[in-house]
Structures are given as C-alpha cells and as structure tokens.
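Let me begin by presenting the structure, written as structure tokens, before commenting on it.
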Amino acid sequence: MQNKKIHQGRNIKRFREMLGIKQEALAFDLGEDWNQKKISLLEQKETIEEDILERISQILKVPVEVIENMDEEQAVNIIANTFDNGSILNGINHNPSFHPIDKVLQLHEEKIAL
C-alpha cells in the first residue's frame, strides 16, 4: 500500500471553506501578524508547524489530528460507500412518506378538538 503524504494546508482550506470562514476572517482570528495573503500561502504548504496547527484547530474547532491525518480520497470513499439516494443525513428527510400539508391540517384539527 502506498504511503501517501497528507497535505495539511489543503485540509485547513477544506475545513475553513466547509465552515464558511474566509481567509481574511481566519487571519483576523490568528492575530495582527496575519493577513489574507499569508493564509493563502499557508494553505499551499504541505506541512504546517505544530503551534500554528494548534491555533488554527482551536479557531476552526477541529482536532489537530484531523487536520494532520485527513485523506480526502479515503473520506470520499467512505461517503460514497456509506450513503445512497435513500440515506437520511443529519436526520433530515427531504422525501417524507407523508404530505407536510396533511400533517399541518392534522395538527390544526387536533388543536381545535382540544
């Protein structure tokens, strides 16, 4: 099995984007020494210093180990093999087996009966 190197900068970028945080906002949270350009350069680095990783993990609320070890190919593979069209993610069913209007009417009728 090939020992693939994890790109920590790319992982930071992915988590930042998933959380909807702009580079400028991350730079602001890191302090005065940081700006958007410096975050952009950081996200291009394959390996990032431990102290910076710790600060970023606190800001993004993601464990350092996840940033250090997340392999995108493995994550995509797990997702692809775990979910199908009928799966319910986060408990939200976008294809309910009942009509929502019928449920509202039922609740309204129950309320009137009370």
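The values are calculated or read from the model by the stated rules, or taken from the named source; none is laboratory data. Source: prediction; values computed, not measured. So basically every Cβ, Gly included, is an ideal-geometry build from the backbone, and we count neighbours across all protein chains shown. What goes into the accessible areas is simple: the full protein's heavy atoms, side chains included, and nothing from ligands, DNA or RNA. Shrake-Rupley method; radii C 1.70, N 1.55, O 1.52, S 1.80 Å.
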When only residues in the stretch 46-62 that are open to solvent by 70 Å² or more (accessible area, probe 1.4 Å) and under 20 Å from the mean Cα position of the chain (by Cα) count, which is nearest to G20 (Cα to Cα)? K61
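Conditions (1) modelled with pLDDT under 70; (2) touching a Leu at 6+ places or on another chain (Cβ under 6 Å); (3) among the polar types (S, T, N, Q), marked per residue:
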| residue | (1), (2), (3) |
| --- | --- |
| E32 | no, no, no |
| N35 | no, no, yes |
| S40 | no, no, yes |
| E43 | no, no, no |
| E54 | no, no, no |
| V62 | no, no, no |
| E68 | no, no, no |
| D71 | no, no, no |
| V76 | yes, no, no |
Which numbered condition trips up D84, out of (1) closer than 25 Å to H7 by Cβ; (2) acidic (D, E); (3) at pLDDT below 60? (1)
Quick one: L41 ticks every box in (1) touching a helix residue (DSSP H, G or I) at 6+ places or on another chain (Cβ under 7 Å); (2) assigned to a helix (DSSP H, G or I) bar one, so which box is it? (1)
